[in-house]
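Just so you know, all these numbers are worked out from the coordinates, no wet-lab data involved. What you are looking at is a predicted structure, and each value in this text was computed from that prediction instead of being measured. FYI the Cβ positions are ideal-geometry reconstructions off the backbone, even for glycines, and counts take in every protein chain you see.
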């Protein structure tokens, strides 16, 4: 049975409430396509029956599965290369100089999907800054989806995924062949700590981050939620840190404590005192 208007409204509201992800009316067609496998796995006839099951019990684990299924997981290695160039040529040299007394560096890849961005950061550091092998370098990867967190932890990718942005020389240097797939070498995986996180919830960051990648995710939230996420990010950063957003994302018309700067061919943001 095709989804009817009340089903669509219920799903859009439920997903927005749990994750902050706003499914627009023009994207409603995605509900049927992405939730049909969830319904099938649950032994339900179709998505209409899935909605009926969700309404019976607001605490049903199916709510979590539905929300995860509607999370966008588009990513690739070294996606939009300019932020990585800025990190290599300016950001890391600046921070290495400032942190040489403590020899400690923290990078957070938020909404990291299956981890390609996170491993890109790790490879960039290992390749271009070998002296940091003696430092305490933390790379945190977070995502709403349990499946994506597990994938990041395992660091295993198909040939197709590896081909998206990863040069052959870098692939062979940093990954081991595992049948038809490639797995990040142990020394690379040890650099990364993958955790589940809902960006729309409040969080307390014990470690203050020097660099935050929050790319191509704010576009899925309304203005109020965007501002709240950015304020939480601000609280989790060192005062002289760097924040990277997606190429099409901006802070215009937002009341958030960041200043915009240009580095090379890309833009990033620095926290400012409130």
Proportion of all alpha-carbon pairs of segment 5-69 beyond 20 Å (%): 14 percent
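List 24, 109, 104 from most exposed to least, where exposure is judged by having the fewest other Cβ atoms within 10 Å.
Numbers: 24 9, 109 28, 104 12.
Lowest to highest Cβ neighbour count: 24, 104, 109.
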At R0 = 41 Å, FRET efficiency that the Cβ-Cβ distance of residue 159 and residue 49 yields, to 0.05: 0.65
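Rounded to the nearest 500, what is the chain's calculated 222 nm mean residue ellipticity when only DSSP H runs of at least 4 contribute -39500 (n - 2.57) each, over all residues? Walk me through the numbers before you get to the answer.
On the way: 12 runs with 109 residues, N = 274.
Per the formula, -11500 deg cm²/dmol.
What ratio of Cα Rg to 2.2 N^0.38 Å holds for segment 82-271?
Details: Rg = 16.3 Å, N = 190, 2.2 N^0.38 = 16.2 Å.
Cα-based Rg divided by the globular estimate yields 1.01.
When a footprinting reagent is the concern and you count Cβ atoms within 10 Å, what order do 143, 210, 131, 46 take, fewest first?
So the residues, fewest neighbours to most, are 131, 46, 210, 143.
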Prolate/oblate/rounded label for segment 108-213 (Cα gyration tensor, a/c 1.5): oblate
Computed log₁₀ I(q)/I(0) - Debye formula, equal Cα scatterers, no solvent, segment 151-236, q 0.12, 0.19, 0.26 Å⁻¹: -0.54, -0.95, -1.24
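If you take the Cα Rg of segment 200-274 and divide it by 2.2 N^0.38 Å, with N the number of residues, what do you get? It would help to have the intermediate numbers written out before the result.
Numbers: Rg = 11.6 Å, N = 75, 2.2 N^0.38 = 11.3 Å.
That works out to 1.03 for segment 200-274.
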Label-to-label distance, nm, for residues given as residue 168 and residue 94 (7 Å Cα→Cβ offset): 3.7 nm
Residue exposure sequence - 220, 157, 29, 10 - by fewest surrounding Cβ within 10 Å: 29, 10, 220, 157
